[in-house]
1. Filtering the stretch 6-23 down to residues that are in a loop (DSSP other than H, G, I, E, B) and more than 16 Å from residue 92 (Cα to Cα), which residue is modelled with the highest pLDDT?
2. Which of the residues spanning the stretch 24-44 are surrounded by 12 or more Cβ atoms within 10 Å (Cβ to Cβ) and modelled with pLDDT of 90 or more?
3. Regarding the stretch 64-83, can at least one residue be identified that is modelled with pLDDT of 70 or more and surrounded by fewer than 16 Cβ atoms within 10 Å (Cβ to Cβ)?
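The values are calculated or read from the model by the stated rules, or taken from the named source; none is laboratory data. Source: prediction; values computed, not measured. Neighbour counts are summed over all protein chains in view; Cβ atoms, including those assigned to glycine, are modelled from backbone coordinates with ideal geometry.
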């Protein structure tokens, strides 16, 4: 997973499973503390965001805490039309690694 974030660390674009997404709004975010008894554990920052179709990512460029995001996939159709489906994604970052935690339609 690849994620692009703003100067404050909030995700603005992401690429997941070969599809590009653009974040329209961060719905909310939170920090989950690591288990204190695990020596190598790290805190996880999560974002819940709303996103729209990433037209640039649909042409092959990469796009990209933990949080929820409402996103539309950026896969282009043969005639250039893009699907209008959107979703909400919880995307997370732990120790500089990004991952999708939850997908809600």
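1. Within the stretch 6-23, the match that is modelled with the highest pLDDT is 7.
2. Listed by number, the residues that qualify are 26, 27, 29, 30.
3. Step one: of the stretch 64-83, the residues modelled with pLDDT of 70 or more are none.
No, every residue in the stretch 64-83 fails to be modelled with pLDDT of 70 or more and surrounded by fewer than 16 Cβ atoms within 10 Å (Cβ to Cβ).
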